[in-house]
Amino acid sequence: MATASPARVGTASPEPSPARPSPAPTLTGSATLTAADAGTTVLLHVGQRVSVTLAPQGPFSWDVPITTAPAVLARVSAGGGYPSRQPAVAAFQATRPGPATINATSDAACLHAKPACAIAQEEWQVTVVVTAA
């Protein structure tokens, strides 16, 4: 006669929960943004300003930052950027309530050569939400 041994009963260890990315920071009021601020949300009141300064990195310079909603966030000054090795700078003023995005793309001379180099470009973006003063 055969005897069955008891089945092993164990305690399953829980699987580690996946790391959750921390939410992008939110800045309130006028600010000066750099490459490190990518993904940030900026909350402004009508009349406040936000400035952007993006320094060249490696072979790349940045294109001058632009806004997706010039009626909400008007660009009031801009300079530098590709094709120079000067920082790409721009200042924007909140003109009416609403959402806007500020974008810039990295650029390099080899991307305009024939044949073009195969390096990946980077996108820099922040979200701006303008509210009434």
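All of the numbers you see were taken from the coordinates with simple rules; none came from a lab. What you are looking at is a predicted structure, and each value in this text was computed from that prediction instead of being measured. A quick note on method: Cβ atoms are made from the backbone with ideal geometry, for glycine too, and the neighbour counts reach across all protein chains shown.
Length gained on full extension, ARG96 to ALA69, computed as 0.36 nm times the residue gap minus the Cα-Cα distance: 8.7 nm. Near ALA88, within a Cβ-to-Cβ distance under 15 Å, what is the net charge of the other residues, with Lys and Arg +1 and Asp and Glu -1? Around ALA88, the charge tally is -3.
On the beta carbon distance between THR41 and ALA113, with R0 = 35 Å, the FRET formula returns roughly 0.40. Local charge sum around ALA38 (other residues, Cβ-Cβ under 9 Å, Lys/Arg +1, Asp/Glu -1)? Result for the neighbourhood of ALA38: -3. Available extension along the chain between THR127 and SER84 is 12.9 nm, counting 0.36 nm per residue and deducting the alpha carbon span.
Once C-alpha pairs closer than 8 Å and six or more residues apart are averaged by separation and normalised to the residue number of the stretch 57-106, the relative contact order reads 46 percent. For the stretch 26-131, would you read off the P(r) tail past 18 Å as a percentage of all alpha carbon pairs? More than 18 Å apart: 45 percent of the Cα pairs in the stretch 26-131. The THR28 and GLN57 beta-carbon pair, evaluated with R₀ = 35 Å, returns a calculated FRET efficiency of approximately 0.80.
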